[in-house]
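Single-structure report; data block below.
Derivation of every value follows stated rules applied to the coordinates shown; laboratory data play no part. This structure is a prediction, so every number in the text was calculated from the model and none was measured. Reconstructed Cβ throughout: ideal geometry from the backbone, glycine too, with neighbour counts over all protein chains shown.
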DNA sequence: TGTTGTCATGAACGGGTGTTCAGATATCCT
DNA sequence: AGGATATCTGAACACCCGTTCATGACAACA
């Protein structure tokens with residue numbers, strides 16, 4: 001196995017994943033065929049299997065990559081310690097990150113049922129780790145008397161659902177800029193958790 | 001066409017729709033075959049086409065039935081005029097109605113992309129009518145100085161996304177009763193729109 | 001009792017599915 | 001130049017898809 005072919009192989013694999021991501025997001029995992037993906041990359045079907053174990057693992061890889069990149073990006077934000085400032089940072093980060101990656105978000109939320117039980121559990125665990133970051137902020141804020149939440153877990157799910165919903169209607173060329181949307185949601189999220 | 005056969009036919013059609021609803025919700029529209037649906041009802045495939053034009057119209061009928069029932073149920077609530085009381089009523093209604101119909105909700109939100117353009121537009125129009133009910137409450141409340149929302153449309157989308165999210169985690173046998181969940185969300189929604 | 005109309009069967013249609021694999025091809029190292 | 005290795009092609013495998021239709025069963029009315 002030579003270095004050059006390794007590189008070329010890695011690039012082909014990336015192009016396959018990129019094509020699959022776009023097609024899965026547009027038509028849904030079940031509706032996309034391996035032949036379609038191969039055609040998009042300019043290959044015959046059989047060649048896909050030099051880079052991917054099977055169709056399902058292609059989906060799993062896309063989901064896992066997304067969730068791990070999401071967690072890494074959140075950590076890279078280095079949000080402030082103060083709960084209210086951390087909440088604002090989280091809201092802005094979540095909206096910005098998700099709005100910039102509609103395909104990944106769509107797949108990660110909609111195609112979970114096409115995963116086998118073990119793959120499902122793995123992705124769910126990553127999602128739970130992400131949710132726990134917000135839950136920690138809300139719990140600390142509540143303890144410090146800065147927030148007023150009856151149930152930190154429920155508040156977490158409510159805020160994340162609210163924020164993720166932005167991806168269903170936001171369009172960059174729309175009436176509001178992303179900055180404006182962020183600002184509106186920061187205000188709503190802060191008020192929802194009773195930030196003073 | 002005799003009365004008896006009419007009745008039997010209507011019942012068979014209803015059983016087909018019920019089976020399709022359950023299977024679509026569990027496995028996704030694209031992953032469910034007409035043969036599976038027929039098997040669930042105890043028929044051969046061909047017999048389905050005595051009751052349904054084709055697979056897509058089966059999906060459309062399920063979605064349209066759901067959205068129209070949702071609108072009718074909201075109207076039947078006869079919510080108060082006062083914006084804050086109306087909002088509380090809306091929140092409780094939305095959570096209760098959606099939590100009771102997880103399959104319909106799942107399909108109506110996830111399978112939109114399997115609709116042709118004209119069917120899609122029809123379902124979207126129904127959804128918009130539902131959203132407009134809430135938007136009207138928020139706009140009136142803001143005008144009256146009871147709510148504080150920067151953008152009634154965005155606030156509507158945020159509140160609905162927050163509420164609908166409940167269906168992704170709520171379980172009747174879980175830690176919280178539906179009543180408790182409703183109460184938590186009423187409080188969060190009211191605070192989010194700045195209800196005084 | 002015979003006629004009419006509804007509904008189900010079972011088979012067929014043309015085509016698409018994910019996956020495998022022998023053989024051809026291209027690339028790199030010696 | 002020659003051998004090794006990674007990658008691609010093209011065909012095949014066994015199976016499933018949505019939809020149609022001739023045939024037949026059965027129930028209701030005249």
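Brief remarks on what is shown
- When chain B is treated as a GNM with alpha-carbon contacts under 10 Å, the residue of B:76, B:142, B:155 showing the greatest mean-square fluctuation is B:76.
- All Cα-Cα separations within region A:20-122 were binned at 5 Å from zero, giving a P(r) of 2, 11, 19, 19, 16, 13, 9, 6, 3, 2, 1, each value a whole percent of the pairs.
- Considering only B:122, B:28, B:46, the mean-square fluctuation computed in a Gaussian network model of chain B, springs between alpha carbons under 10 angstrom, is largest for B:46.
- Compactness of region A:1-52 as Cα Rg over 2.2 N^0.38 Å, two decimals: 1.17
- Helix A:83-99 and the long axis of chain A differ in direction by around 30°, with both axes built from C-alpha atoms.
- Between helix A:3-27 and chain A: long-axis angle, C-alpha atoms, 0 to 90°, nearest 10: 60
- Gap separating the Cα centres of region B:65-132 and region B:5-49, nearest whole Å: 24
- Teacher prompt: residue B:45 distances to equivalent labels in other copies, 7 Å Cα→Cβ, nm: 1.8
- Compactness relative to 2.2 N^0.38 Å, alpha carbon Rg of the protein assembly as shown: 1.08
- Calculated label separations, residue A:128, copies of the chain, 7 Å along the beta-carbon direction, nm: 4.1
- Tensor-based shape of region A:48-105 (alpha-carbon gyration tensor, a/c under 1.5 rounded, otherwise prolate or oblate): prolate
- Region A:136-196: C-alpha gyration tensor shape, a/c 1.5 cut-off, then a/b vs b/c: prolate
- Its DSSP H runs of at least 4 residues, each contributing -39,500 (n - 2.57), put the calculated 222 nm mean residue ellipticity of chain B at -24000 deg cm²/dmol, to the nearest 500.
- For chain B, the longest principal axis of the alpha carbon atoms and the long axis of helix B:55-77 meet at an angle near 40°.
- In the elastic network of chain A, a GNM with C-alpha springs shorter than 10 Å, the most mobile of A:109, A:29, A:185 is A:109.
- Whether chain A is rounded, prolate or oblate, judged on the alpha carbon gyration tensor where a/c under 1.5 counts as rounded: prolate
- The smallest convex shape that holds all Cα atoms of region A:81-186, its convex hull, gives 106 Å³ per residue.
- The calculated P(r) of region B:124-166, using every Cα pair and 5 Å bins from 0, goes 5, 25, 29, 24, 13, 4, 0 in percent.
- Nm distances between copies for residue B:9, ranked from closest, using label points 7 Å along Cα→Cβ: 6.1
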